[in-house]
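Worksheet: one structure, shown below.
The values are calculated or read from the model by the stated rules, or taken from the named source; none is laboratory data. Quantities reported herein were computed from a predicted structural model and do not represent experimental measurements. Counting neighbours? That spans all protein chains shown, and the Cβs are built from the backbone with ideal geometry, glycine included. To get the accessible areas, we keep the full protein, side chains included, count just its heavy atoms, and leave off ligands, DNA and RNA. Shrake-Rupley method; radii C 1.70, N 1.55, O 1.52, S 1.80 Å.
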Amino acid sequence: MDSAPVNSLSRGTRAGITAGIKAVMADKSVVGVIIRGAGRAFCAGAEITELSGAPAGKSLQDDEPLTEMMMRMENLPIPVVAVVHGFALGGGMEVALSCHYRLATKDAQFGLPEVNLGLLPGAGGTQRLPRVIGAAPALEAILSGAPMKADKALKLGVCDAVLSGKDEASRLQEALQFIATKLGKPRPVGKMPVPDAAEAKARLPAILKAAQTKRKGEKAPVHIYKCVVAAIEAKDLAAGMKEEARLFVQLLASSEARALQHVFFAERAAAKLPKRFQAEPAPIKKVGIIGAGTMGGGIAMSCADVGMDVVLIDATQEFLDRGLKVIAGNYKRSVERQSITAKQMEERLARIQPSLDYGALSQVDLVVEAVFEDMKLKKDIFARLDKVCKPGCILASNTSGLDIDQIASATSRPGDVVGCHFFSPANVMKLLENVFGKASSPRTVATAMDFGRRIGKIPCLVGNCPGFVGNRMLGPYSKEAEKLALEGAPVDRIDRVIESVFGMNMGPFKMNDLVGLDLFWRKRKTEGKHNPNVNVEDALCDAGRFGQKNGKGFYVYEDGRTAKPDPFTEGVLERIAAHRNIDRRPSEKISDNEIIERLVYPLINEGFKCLEENIASKSSDIDIIYCFGYGFPRWRGGPMKYAEEVGLDTILAGLEKYRRWGQREDHWTPSALLVKTVTEQAHKKAKPAAKL
Ligand SMILES: NC(=O)c1ccc[n+]([C@@H]2O[C@H](COP(=O)([O-])OP(=O)(O)OC[C@H]3O[C@@H](n4cnc5c(N)ncnc54)[C@H](O)[C@@H]3O)[C@@H](O)[C@H]2O)c1
């Protein structure tokens with residue numbers, strides 16, 4: 001296969017392979033076939049841009065279907081050997097599985113990532129992999145969607161041998177030696193029985209269930225399970241492939257697959273910087289972190305994990321020791337879970353140098369400040385950083401929503417200042433919301449984005465406003481949740497609907513309990529805005545209920561973790577509703593649909609306002625922020641994609657309906673951009689189709 005850059009199975013590649021097979025069939029002197037890829041990989045799989053249909057001007061009929069091409073390859077009466085280097089992914093792995101034998105270089109990776117796009121391996125992968133390695137391991141591999149390294153592939157039996165040759169020529173020699181031992185021994189995978197057929201069926205449901213906890217609400221896992229069952233039960237490969245094709249087509253047409261594919265492309269698009277910020281990123285080897293608390297500790301781990309040296313600073317030895325203890329405990333748990341080795345733990349801990357002295361920051365390339373959310377404190381710290389850090393050092397703040405320009409004004413180098421908003425737990429959560437201020441230079445922004453990628457995050461660039469994109473949009477969502485609770489929907493019901501029916505990872509009340517209710521309570525108190533007669537969280541905090549951290553918040557946590565509804569909270573809600581003249585309705589008068597619309601529509605509306613004000617540069621960035629930072633169901637594609645699927649006119653009508661019903665908050669006022677887009681869409685629909 002020789003189709004740059006990664007030999008994707010485009011129409012041309014498929015036609016080329018078929019022509020090769022036909023030539024081999026016509027030449028009786030050929031005794032075996034080796035199939036390999038030119039360039040940096042064996043084959044990256046389907047040409048994803050061709051998934052949704054034929055390119056303009058071409059019909060799908062003049063095509064060589066992938067499955068037929070594979071069948072021709074498998075049916076060759078001479079041994080067919082795949083030599084895999086780089087990667088064999090998706091359709092690429094399915095090509096390798098239609099070969100009789102598979103060899104891999106040490107760096108090779110196999111993988112069927114279709115599940116990540118809401119699909120299934122639709123070119124025989126669900127039928128052939130079970131025949132090669134057994135149904136249970138095959139189901140596990142297909143549902144994980146993760147790449148598999150050569151040593152694991154060898155252990156499982158995906159490949160027959162790992163090649164030791166250092167260059168292409170010597171590996172080809174090894175492959176020739178291998179095929180010489182297989183002459184006259186073709187081994188079509190499709191004719192092989194599923195080795196664990198007898199016992200696997202009983203194991204498969206548990207494997208599916210485990211995957212579903214990670215892929216809540218997604219359709220593809222069940223379809224994949226059905227395909228693997230078909231591999232065991234169908235009378236032959238052809239019958240199994242028919243079932244696979246039937247289920248594949250269902251997924252292809254599903255909104256879940258559309259949404260997951262949207263997220264796939266949105267993630268790549270988020271990495272691309274707008275033109276005005278394109279610049280060479282500065283190299284980052286050593287990072288300073290101020291504050292060894294919840295966030296600082298997690299950020300330090302993320303940096304140490306990828307080999308960066310870290311200087312970790314806190315105000316007192318006691319806080320520093322406490323932070324380091326948490327970091328060491330987290331690494332220890334990773335060793336116990338066998339996700340890292342004890343040696344890796346030691347190496348990572350050794351990279352984190354604790355210090356009380358800001359002078360230790362003189363040689364760092366980037367600093368992330370993660371102290372309390374207090375503007376005066378942050379400005380003091382940035383003024384100190386300005387004095388000690390070397391010229392060109394990037395000065396980043398992990399603020400959740402404070403003004404980056406004000407923070408930058410405390411320094412003599414506002415061009416080097418940027419927001420790097422991590423999410424908790426910072427060593428786990430993928431999102432990094434990078435915030436540019438009015439003075440942030442292209443070099444600073446490009447470095448913050450590159451830094452995010454290097455520490456394994458998904459960086460997304462946003463503009464500066466209170467709460468940036470993520471927390472700003474969360475405002476109306478949380479307010480509506482509280483308002484609904486005041487109107488009579490029990491707190492645990494709202495959480496349950498938004499989690500189980502809509503698909504969010506965690507409902508708003510559980511989330512607030514987890515974050516802690518006291519933070520803003522303290523802030524409101526110092527600002528003189530505290531009022532337990534109208535503010536539910538003030539009333540809860542006054543009663544000593546700070547959230548999960550002290551066992552009581554909206555819920556009670558008797559075992560410290562499990563949220564249990566509490567009549568005390570209901571009492572608070574009733575009292576405040578009476579004080580605010582809010583009519584209460586019986587819970588059964590509030591539908592699940594109302595709960596979803598009341599929470600999600602204002603969130604979407606705020607998303608449009610972010611776009612309108614250029615705080616977000618594209619709607620797909622908002623989707624990335626919500627899917628990777630706020631537990632929005634990926635299979636719904638993020639709030640903006642969801643809005644598109646529901647119909648923007650429906651969202652607008654919903655906002656207007658609730659306003660008519662008496663909801664007066666600002667977040668019910670439709671964004672001008674939303675109104676404009678809906679009007680434009682209506683015009684387009686009304687316009688008669690142009691004559692061909
Ligand atoms: N916790 C979250 O979920 C979350 C998420 C995103 C962003 N943030 C933001 O991250 C920042 C830190 O939050 P956190 O939850 O880690 O707080 P935290 O209270 O856990 O940690 C703050 C740390 O800063 C230290 N500190 C205070 N003053 C200092 C000084 N002058 N010099 C050095 N260290 C000092 C404290 O001793 C403490 O260890 C805040 O701006 C917060 O808004 C928090």
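Some observations on this one:
To keep it simple, each residue is scored yes or no on (1) of a type outside the set (Lys, Arg); (2) outside any helix (DSSP H, G or I); (3) within 20 Å of Ser254 (Cβ to Cβ).
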| site | (1), (2), (3) |
| --- | --- |
| Ser620 | yes, no, yes |
| Ile625 | yes, no, no |
| Gly631 | yes, yes, no |
| Trp635 | yes, no, yes |
| Lys641 | no, no, yes |
| Ile651 | yes, no, no |
| Glu656 | yes, no, no |
| Gly662 | yes, yes, no |
| His667 | yes, no, no |
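- Of all residues in the stretch 373-396, those that are of a type in the set (A, V, I, L, M, F, W, C) have Cβ atoms under 6 Å from Cβ atoms of residues that are within 10 Å of the ligand (Cβ to nearest atom), 6 or more apart or on another chain, in Met375/Leu402; Leu377/Val371; Ile381/Ile290; Ile381/Glu369; Val388/Tyr358; Ala396/Val368; Ala396/Cys420.
- Selection count where residues are aliphatic (A, V, I, L, M), more than 13 Å from the ligand (Cβ to nearest atom) and either closer than 21 Å to Asp623 by Cα or surrounded by fewer than 24 Cβ atoms within 10 Å (Cβ to Cβ) (or both), scope the stretch 411-448: 4
- Qualifying residue in the stretch 226-246 (condition: free of Cβ contacts under 8 Å to residues at least 24 places away in the same chain and under 30 Å from Phe628 (Cα atoms)): yes
- Selection status of Phe468, at pLDDT 95 or above, within 20 Å of the chain's Cα centre (by Cα) and away from the ligand (no atom under 11 Å from the Cβ): no
- Screening Gln363 against (1) without any contact (Cβ under 8 Å) to a residue 40 or more places away in the chain; (2) surrounded by fewer than 19 Cβ atoms within 10 Å (Cβ to Cβ); (3) more than 20 Å from Ala426 (Cα to Cα) leaves a single unmet condition, (1).
- Among residues that are over 14 Å from Ala82 (Cβ atoms) and either in contact with a helix residue (DSSP H, G or I) (Cβ under 9 Å, 6 or more places away or on another chain) or not assigned by TED's automatic domain parsing to the domain that holds Ala169 (or both), Arg11 is included.
- Residues of the stretch 551-577 classified as part of a helix (DSSP H, G or I) and more than 25 Å from Gly475 (Cβ to Cβ), total: 3
- Residue in the stretch 663-676 that is open to solvent by 70 Å² or more (accessible area, probe 1.4 Å) and modelled with pLDDT of 95 or more present: yes
- Whether a residue is in contact with a Pro (Cβ under 7 Å, 6 or more places away or on another chain) and assigned to a helix (DSSP H, G or I) was assessed, and Leu674 does not pass this test.
- Wholly enclosed helices (runs of 4 or more DSSP H) of the stretch 231-342 bearing at least 1 residues among the basic types (Lys, Arg) and over 30 Å from Ala448 (Cβ atoms): 237-252, 255-271, 317-336
- Ala481 vs. criteria more than 24 Å from Lys430 (Cβ to Cβ), touching a residue at least 60 places away in the same chain (Cβ under 8 Å), open to solvent by 10 Å² or more (accessible area, probe 1.4 Å) and not charged (D, E, K, R): no
- Any chance Ile340 is in contact (Cβ under 8 Å) with a residue 12 or more places away in the chain, of a type in the set (Val, Ile, Thr) and more than 30 Å from Ala643 (Cβ to Cβ): no
- Residue within the stretch 208-220 that is under 35 Å from the mean Cα position of the chain (by Cα), under 30 Å from Val81 (Cβ atoms) and open to solvent by less than 20 Å² (accessible area, probe 1.4 Å) present: no
- The numbered conditions (1) more than 10 Å from the ligand (Cβ to nearest atom); (2) surrounded by fewer than 23 Cβ atoms within 10 Å (Cβ to Cβ); (3) farther than 25 Å from Lys343 by Cα are all true for Val263 except (2).
- Some residue of the stretch 382-399 being within 13 Å of the ligand (Cβ to nearest atom), more than 30 Å from the chain's Cα centre (by Cα) and open to solvent by 50 Å² or more (accessible area, probe 1.4 Å): yes
- The set of residues in the stretch 25-35 that are crowded, with 16+ Cβ neighbours inside 10 Å and either outside the structural domain of Met73 (by TED's automatic domain parsing) or out of contact with any Lys or Arg (no Cβ under 9 Å at 6 or more places or on another chain) (or both) comprises Val33, Ile34, Ile35.
- All positions within the stretch 472-509 that are over 22 Å from the mean Cα position of the chain (by Cα), hydrophobic (A, V, I, L, M, F, W, C) and assigned to a loop (DSSP other than H, G, I, E, B): Ala489
- Taken over the stretch 278-320, the residue count meeting the criterion of being touching a Pro at 6+ places or on another chain (Cβ under 6 Å), open to solvent by less than 10 Å² (accessible area, probe 1.4 Å) and in contact (Cβ under 8 Å) with a residue 40 or more places away in the chain is 2.
- The stretch 268-322, residues that are among the polar types (S, T, N, Q), more than 9 Å from the ligand (Cβ to nearest atom), within 28 Å of Val515 (Cα to Cα) and more than 22 Å from the chain's Cα centre (by Cα): Gln317
- Matching option when the condition is among the charged types (D, E, K, R) and free of Cβ contacts under 8 Å to residues at least 60 places away in the same chain, among Lys216, Lys155, Lys185: Lys155
- Count of residues meeting criterion [loosely packed, with under 12 Cβ neighbours inside 10 Å and not in a helix (DSSP H, G or I)] in the stretch 184-203: 2
- Of the set (1) closer than 30 Å to Arg333 by Cβ; (2) within 16 Å of the ligand (Cβ to nearest atom), all apply to Met473 but (1).
- Residue check for Asn512: assigned by TED's automatic domain parsing to the domain that holds Lys552 and not in a helix (DSSP H, G or I): no
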